[in-house]
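First comes the structure, then the notes that go with it.
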């Protein structure tokens, strides 16, 4: 379970204080599929960064099960991300000088998996996304849809419990978008927690719970799964 | 996929960036290695020349210059021979050998030669006064762990005139011929020759040294004094100190002892080359300083630019679990590879340059010095890692949220 407790994130820019996110209490249970929607600048990326252990709140706590993640060291937070979380980015963020296979191997390498195991697991994951013939292609040699599938393979290769996605379908054509959403459906069926920030109404509709962010305030669009206190 | 693979693949992706960022280090190491190789070999050559000259110190007439002496010491000015006794009786620390000489022009079978009278070492032991002098129970100089001219069997042959500047035995009717004289006069060992009105037997012939000694004829000092009717005088007294340091200490003491003589160290003969060596040594330190400043700054700037270019990648790596330490090591290892490769290539270029142009540039043959090469590569690598430390640290401190930002 992920829980935000009296979390406030404030930015100070040019002497002016801006509250990017304010949330008294937000619980996301294990296995939930949550879409966060809201206009640009509403704090969606701030929320994702807070949940991913990458942005310390100005006040309050972020809990992952029984662990207050910002009371952990930077290295411990890196370990949490490496072992329990997977990220999907709008622009895929593949490393341009690595092949598809090597990109998917990176999280495994960070986790200390041996090279033969890295190759076997990364190859299997890419095959699962229909990229068996693109293993040795660099991102620049692949279509946008193929790049996002490589990114999905990289996200899932370490078998994360939580998937944090930032506009995962934002740059995709309808066919590729469907591939990504099907992958999320499958992950949800496997019991993973999915939190996706999106402008895409179709993508948001696939989620079982939708949160609306407006000027840093979180509200529940459908209130049947959790409560915002 | 690991740290090393990431570094290697990134380097391969940007070959020109690698070349430009490490060019300053490569050129700096090349220049440093070339200059140091030539300097070291030039210094060795000076040392060899000093050693071949034999005597560390020369006592000359006040008016004579060192150049006069080595131009055949036939300038007509002389010193009293009793200065030899004064030097020996003074018991100065570090004096190993004293060789008085008197040189004058002579004709050998129609060939113009320099007749040089020398006192064989056996004469010293024959002198009662000198036997009691401190020379035979000499005070050792502190720096002389090893004598520069240990007596040996070789001292008993004429060739010792070349190697130790002295000879153990030389009868009053014997001469030793320099290489040029022997070649041009066609005299050889055992021949009888006329010289300055005296009759001599050729004891031996010296091998070629490339110095004025090749055109000398060596005879007993007292015979030369008698034939030349010069009285008990000498043109020069060569003093061999037990080491170079001793020679340095002896000069002021001998000057004080013999105020009417000029006391100089033989190192002044190669003063010009020593000066060039000093200049080159200074230049090599200047190059090292420049290498540190320009090479370090250039690489630091290249790594900092690389960090800026790869902000999104760094953010992504952190998002998928890379620790700040991993990110820092990523850039430090890149710098290490650049320093190692640039240092090695620079070292090879510097070595080839020194070997190829050393003989023309400094007149010395240059051979590779492995210790210097390893040190240069090590220094370049260390410099690269140190230069990359700050940008690598900045990379490790980057906000991982960069991964969510648009390019």
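Points to keep in mind about this one:
- Footprinting exposure proxy for B:367, B:402, A:50 (fewest neighbouring C-beta atoms within 10 Å first): B:367, B:402, A:50
- When the Cα atoms of region B:166-222 are aligned to their principal axes, the ranges along those axes come out at 27, 24, 18 Å in descending order.
- Efficiency of FRET between residue A:56 and residue A:132 - r from beta-carbon atoms, R0 56 angstrom, step 0.05: 0.85
- Spatial separation of Cα centroids for region B:370-397 and region A:8-59, in angstrom: 41
- The label-point distance for residue B:278 and residue B:82, in a model that sets each label 7 Å from Cα toward Cβ, rounds to 3.9 nm.
- Normalised convex hull volume, region A:108-229, alpha-carbon set, Å³ per residue: 137
- Working note: Debye formula, equal point scatterers on the alpha-carbon atoms of region B:1-40, no solvent; log10 I(q)/I(0) at q = 0.28, 0.33 Å⁻¹ is -0.86, -0.96.
- Note on residue B:360/residue A:73: beta-carbon distance plugged into 1/(1 + (r/R0)^6) with R0 of 56 Å gives a FRET efficiency of 0.35.
- Distance cut-off 38 Å, percentage of C-alpha pairs in the protein assembly as shown lying past it: 57
- Convex hull of Cα atoms in region A:2-220, direction-averaged projection (nm²): 12.4
- Computed from the Cβ-Cβ distance with R0 of 25 Å, the FRET efficiency linking residue B:89 to residue B:62 stands at 0.70.
- Least to most buried among B:326, B:331 (fewest other Cβ within 10 Å first): B:326, B:331
- Counting only DSSP H runs of at least 4 residues, each contributing -39500 (n - 2.57), and dividing by the residue count of the protein assembly as shown, the helix-based mean residue ellipticity at 222 nm comes to -15000 deg cm²/dmol.
- Kirkwood-based shape ratio for region B:246-398, expressed as Rg/Rh from alpha carbons: 1.28
- Average other protein chain Cβ within 10 Å of Cβ, residues A:41-49: 2
- Take each residue of peptide A:17-25, count the partner chain Cβ atoms within 10 Å of its Cβ, and average: the result is 0.
- Remark on region A:13-88: hydrodynamic radius 13.9 angstrom, per the Kirkwood mean of 1/r across alpha carbon pairs.
Only the coordinates and a few stated rules stand behind these numbers; no lab work does. These numbers were taken from a predicted model, which means no experiment stands behind them. Glycine gets a Cβ as well: all are built from the backbone with ideal geometry, and neighbour counts include every protein chain shown.
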